[in-house]
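What follows is a set of notes on a single structure, which appears directly below.
The values are calculated or read from the model by the stated rules, or taken from the named source; none is laboratory data. The shown structure was predicted, so the numbers you read here are calculated from the model rather than taken from an experiment. Glycine gets a Cβ as well: all are built from the backbone with ideal geometry, and neighbour counts include every protein chain shown. To get the accessible areas, we keep the full protein, side chains included, count just its heavy atoms, and leave off ligands, DNA and RNA. Shrake-Rupley method; radii C 1.70, N 1.55, O 1.52, S 1.80 Å.
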Amino acid sequence: QVQLVQSGGGLVQAGGSLSLSCAASGRAFSDYTMGWFRQAPGKEREFVAAITSSGGRTLYADSVKGRFTISRDNAQNAVSLQMNSLKPEDTAVYYCVAKGGGSFYYIPTAYNYWGQGTQVTVSS
């Protein structure tokens, strides 16, 4: 079992930056692929970013590539999402996720563990 507790988020103007953090507890954090999904009102959950267990590979949705950066610290059992140049369309509830193994990074049902969700609101 892995428990994920998120922090960060909030309200920012377009063009601004926010950072999300996720602290994990439970089984060996370094065994898990970590990621972030988001869900806007009336829309399905969508993939944002993922990072492999070693941190050696990162993946991003096209909509955030070049603006968001995912990172992890296996010594601290933590993963972060730095969000720059935010746009109103980035407004959503963001979820930290974890799963064992590689592949299927973009599919929400592939992730076994979910954080509680954090609201990010970008005003125009």
Using the heavy atoms of the protein chains and a 1.4 angstrom probe, tell me the accessible area per residue for the chain in square angstrom. 49 Å²
Would you kindly state the longest site-free stretch of the chain, with sites defined as chymotrypsin sites (Phe, Trp or Tyr not before Pro) in a DSSP loop (not H, G, I, E, B) surrounded by at most 16 other Cβ atoms within 10 Å? 1-103
Rounded to the angstrom and largest first, Cα extents along the principal axes for segment 23-124 equal 40, 24, 22
Under 5 Å between amide H atoms, partner at least 5 residues away or on a different chain: which partners does residue 117 have, H built in plane at 1.01 Å? 6, 96
Surface accessible to a 1.4 Å probe, residue 45 within the full protein complex, Å²: 100 Å²
Share of carbon and sulfur in the accessible heavy-atom surface of the chain [1.4 Å probe, %]: 47 percent
Which semi-axis lengths, in whole Å and largest first, follow from the square roots of five times the eigenvalues of the Cα gyration tensor of segment 56-115? 20, 15, 12
Each residue of segment 20-26 in turn: what ³J(HN,Hα) in whole Hz from Karplus with 6.51, -1.76, 1.60 and θ = phi - 60°, glycine and Pro shown as x? 10, 10, 9, 9, 10, 9, x
How high is the relative contact order of the chain, in percent, with contacts defined as C-alpha pairs under 8 Å that are six or more residues apart? 35 percent
Starting from 0.36 nm per residue, how many nanometres of slack lie between residue 3 and residue 123 once their C-alpha separation is accounted for? 40.1 nm
